[in-house]
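Structure first, commentary second.
Laboratory data are not the source of any read-out in this text; all were calculated from the coordinates shown. Small disclaimer: the values here were computed from a predicted structure and weren't measured. Here the Cβ is made from the backbone with ideal geometry for all residues, glycine too, and neighbour counts use every protein chain on show.
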Amino acid sequence: MTAETRLDTVRAVRWHDNHLELLDQRLLPARSQFNAYEDVDEIAQAIRDMVVRGAPAIGIAAAYGVVIAARRRFSEAGAGWREALESDLERLAASRPTAVNLFWALDRMRNVIDKLGADDPEPALLAEARCIHEEDIAANYRMGELGAALIEGGDLITHCNTGSLATGGYGTALGVIRSAVARGGIGQVYADETRPWLQGSRLTAWELVQDGIPVKLICEGAAASLMRQGKVSWVIVGSDRIAANGDVANKIGTYSLAVNARHHGVKFMVVAPTSTVDMNTPTGADIPIEQRAEDEVLSLNGQSVAAEGAGAWNPAFDVTPAELVDAIVTERGVVAWPDGEKMARLMGGR
Ligand code: MRU
């Protein structure tokens, strides 16, 4: 299958000429611009500022960040590179708190670091970062097949951006939508605009238009009325962290969609690689939820959209309890009506 027949032409993270390049997602859809990174602090800042965002893409960018940090530490400290690298790993880990893929990717890089000697660490670390990147794309293709097989037609609603822009490529929830569209037989794809950062209207719509997939945007507030019309079969979302009991953290607004879906008899699918499953976090209540600046709610494109003097509450994520989820789709298989026991089975007792 070619990228075109797979409806998969967009990439946001790439290793090019010995440095990291990130498609600057703050500028989309107006401008498509890659920024080059050769400094680990700039990569941590790019994650914090959402130049790169989406749980798997954050993990992949951080893995390449470790390669860049190790190169510098080796050139400055020689055999002492490993000790010097520790503070870089900590700064990357402090960039965003909710997406567990960040910590998972740093752990994988740390496992390689622990096995290396005093020689140049870059080749082995670059091989691992590339592997994390390629495995993510492969997982997305697999989840695309597994998730699309659950869809028998009807309209689909998705939230936030979970596509090539949010992952190594293809996407999680958006990968399932790509695969379902490629198979045929589904109705309209609706994307929530996803206030306040507008991942839906700025990113998901852009990405789907690039690949020729028809999309209609809705304001979050329109989702319940749309479901009531009876044509929506599935709400399909990604995740930033899935707790051991199957509770799911994802972009703020996901929980409202899940409540509305259950009320209207619409099924609710979460698509995430096992790198998003955190068996060390018992329940959704234990997931750290990132609070972002009030200004993201109070203004749009630098223009104030709120009465002067108003404050804002701006959690970036919410938690959907497992009992509202019909299926968690991972590259290892589908967990229907997730609970602690089924998640433990999926993760092999880990
Ligand atoms: O704040 P963001 O844009 O990083 O949030 C992204 C999401 O919530 C996605 O739904 C999630 O990371 C899954 S993406 C494959």
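Couple of notes before you dig in:
- Axis of helix 100-115 versus longest Cα principal axis of the chain: the two differ by about 30°, to the nearest ten degrees.
- Two-site label geometry, residue 228 and residue 94: point separation in nm, points 7 Å out along Cα→Cβ: 4.9 nm
- Model label sites at residue 220 and residue 149, defined 7 Å from Cα along the beta-carbon direction, differ in position by 3.4 nm.
- Gyration tensor verdict on region 146-346 (Cα atoms; rounded if a/c is under 1.5, prolate if a/b is larger than b/c, oblate otherwise): oblate
- FRET efficiency for residue 2 and residue 263, using Cβ-Cβ distance with R0 set to 41 Å, rounded to 0.05: 0.50
- In summary, the aspartates and glutamates within cross-link reach of residue 251, defined as a Cα separation below 15 angstrom excluding same-chain residues under 8 places away, comprise 192, 193, 220, 240, 290, 296, 318.
- Charge dipole magnitude, Cβ of K and R +1, D and E -1 - the chain, Cα centre, debye nearest 20: 940 debye
- Compared with the direct C-alpha span, the chain from residue 342 to residue 120 gains 75.6 nm at full extension, assuming 0.36 nm per residue.
- For region 268-284, 3J(HN,Hα) per residue [Karplus equation, 6.51 cos²θ - 1.76 cosθ + 1.60, θ = phi - 60°, Hz, x = Gly/Pro]: 10, 10, 10, 10, 7, x, 5, 5, 8, 7, 10, 6, 8, 10, x, 9, x
- Taking amide H positions as modeled 1.01 Å from N, with prolines and chain starts lacking one, the residues under 5 Å from residue 281 and 5 or more places away or on another chain are 244.
- Rounded to whole Hz, the Karplus (6.51, -1.76, 1.60) HN-Hα couplings of region 30-43, x for glycine and proline: 5, 9, 10, 9, 8, 9, 9, 10, 10, 9, 5, 5, 5, 5
- Its residue count N sets the reference 2.2 N^0.38 Å, and the alpha-carbon radius of gyration of the chain equals 0.97 times that reference.
- FRET efficiency, 1/(1 + (r/R0)^6) with R0 22 Å, evaluated for residue 209 and residue 19 via beta carbons: 0.15
- MRE, 222 nm, helices only [DSSP H, n ≥ 4, -39500 (n - 2.57), over the chain, to nearest 500]: -12000 deg cm²/dmol
- Percent antiparallel among DSSP beta bridges (both partners in the chain, rounded to 5): 50 percent
- Computed E for residue 9/residue 299 - FRET, C-beta separation, R0 25 angstrom, nearest 0.05: 0.15
- Once divided by 2.2 N^0.38 Å, the Cα radius of gyration of region 3-138 becomes 1.04.
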